[in-house]
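Everything on this sheet refers to the single structure shown next.
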Amino acid sequence: MKITFLGTGTSQGVPIINCDCPVCKSLDFRDKRLRCSVHIEVNGKSIVIDTGPDFRQQVLRESIHQLDAILLTHEHKDHIAGLDDVRGYNFSLNKNIPIYARQRVIDRLKVEFPYAFAEDYAGRPRIDTIPISNQAFLFEDLEIVPIDGMHGGMPCFGFRIEDFTYITDMNVLPEKEWDKIAGSKVLVLNALHHKDHYSHFTLKEALDLAKKLSIPKTYFVHMSHHMGLHGQVDSGLPMGIHLAYDGLKIEI
């Protein structure tokens with residue numbers, strides 16, 4: 001399995017428009033963060049989790065020529081706004097792209113992208129929406145395990161695929177879901193910044209959770225400019241825990 005972090009930033013990305021803080025002005029490429037998304041290559045399949053506003057830029061940057069499925073964690077704009085750009089894959093691969101999400105997310109897609117569901121609309125993104133619940137499901141021969149948590153007042157899915165677990169946009173992960181994560185080799189958690197937040201884990205909360213889950217390697221994503229400079233923050237983290245950055249590739 002090969003994992004590529006397409007984007008590791010929060011909803012505004014980093015740098016933020018009209019901000020002149022040290023992080024936004026940093027020349028370190030690790031401090032340049034597009035909206036949160038990840039690409040997974042496993043068993044000959046190419047899967048993307050979330051298609052935010054930077055989706056087109058991300059897949060062009062990483063030269064992703066194959067796309068077999070999209071998993072959506074929740075319906076916020078920074079996780080779905082780039083969905084229209086699946087058209088490039090429709091044209092080149094001559095196929096619809098299946099999208100797996102809970103029903104409320106699919107309902108939102110119908111509001112945000114009504115033309116994608118109108119069969120008489122020429123050039124529409126061709127997608128097949130498949131509703132999922134908090135139960136493991138099969139994408140062809142690959143088992144995918146949703147992990148249910150809360151993003152403020154909104155339900156949000158994380159996903160486990162084989163030995164990789166990806167959890168973004170949560171501030172509550174019930175203990176009843178922890179068994180789904182146990183035995184993973186790599187865990188990804190959101191860690192917004194240092195101060196309490198109503199819908200995201202802080203760095204301390206993410207560190208505490210990572211310690212409890214005890215996964216060999218943990219990476220943090222969905223970070224705002226308030227997290228601080230990558231080099232300074234990452235160097236102070238415990239062994240086996242790192243800030244992810246855009247373009248980071250890991251193999252399991």
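Here, each number is a calculation from the coordinates, and none is a lab measurement. Quick caveat, the model's predicted, so the values are computed rather than measured. Every residue, glycine as well, gets a Cβ built from its backbone with ideal geometry; the counts of neighbours run over all protein chains shown.
What to note about this one:
- Antiparallel %, DSSP beta bridges [both residues in the stretch 129-252], to 5: 55
- Residue with peak Gaussian network fluctuation, the chain [Cα springs, cutoff 10 Å], from Ile215, Ile147, Ile80: Ile215
- Based on Cα atoms of the chain, Rg over Rh with Rh as the Kirkwood radius reads 0.95.
- Folded to 0 to 90 degrees: helix 103-112 orientation relative to the chain principal axis, Cα: 70
- Electrostatic bookkeeping for His79 treats Lys and Arg as +1 and Asp and Glu as -1; over the other residues with beta carbon under 10 Å from its beta carbon, the sum is -2.
- Charged-residue dipole, Cβ positions (Lys, Arg, Asp, Glu), the stretch 117-241 about Cα centre, Debye nearest 20: 500
- Given charges at beta-carbon only (K, R positive; D, E negative), |dipole| of the chain in Debye: 320
- Over 25 Å (Cα to Cα) - which of Lys95/Lys180; Lys185/Lys211; Lys180/Lys212; Lys32/Lys77; Lys180/Lys217 fall in this group: Lys95/Lys180
- Ignoring aspartates and glutamates fewer than eight residues from Lys249 along the same chain, the ones with Cα atoms less than 15 angstrom from its Cα are Glu41, Glu62.
- In sequence order, calculated HN-Hα J values of the stretch 190-206 (Karplus, 6.51, -1.76, 1.60; Hz; x Gly/Pro): 7, 8, 5, 6, 9, 8, 3, 9, 6, 9, 9, 5, 7, 4, 4, 5, 5
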